[in-house]
1. Apply the Karplus parameterisation 6.51 cos²θ - 1.76 cosθ + 1.60, with θ equal to phi minus 60°, to every residue of the range 27-40 and state each ³J(HN,Hα) to the nearest whole Hz, in sequence, with x for glycine and proline.
2. Order the peptides 97-107, 62-72 from the highest to the lowest mean number of other Cβ atoms within 10 Å of their residues.
3. Around residue 50, under 13 Å between beta carbons, what's the net of Lys plus Arg minus Asp minus Glu among the other residues?
Amino acid sequence: MKKLMFLLSVLLLFSGCGLVAVTTTRIEASGNQSNLHKLEVGMNTNQVKEFMGAPSKTEAFSLAESKRVLVWYFLTEGRLPFRRLDDANYTPLIFENDILTGWGYVHLDKIRKQ
């Protein structure tokens, strides 16, 4: 009986931690979705950072036309329980020479094909 109670306590503890992580990502994603509506093409990185805060992850590359491309990824879709975060959970914001040119994977794919 003691072993069963211990096992149930441990399971309850771990399931609670998972719920906190899932809830946290959903709250962050919801805030980022709201902030995306405040963005405008032509903003610089500092202006975007005022609305969005720091990105979850970043990448950078150069185009043949001497353009420097910076991509900031923001969590915009919360995760489901027992699932990892993947690209579909993030929205990329694309900057060319530190100016926001658009967001979303369609825009990013278009830039990468240049």
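1. Residue by residue, the range 27-40 yields 5, 4, 4, 4, x, 5, 4, 5, 5, 4, 5, 8, 7, 9 Hz.
2. 97-107, 62-72
3. Summing Lys and Arg as +1 and Asp and Glu as -1 gives +1.
Only the coordinates and a few stated rules stand behind these numbers; no lab work does. Note that the structure is predicted; figures quoted are calculated from it, not measured. Ideal geometry is used to build each Cβ from the backbone, glycine not excepted, and the neighbour counts take in all protein chains shown.
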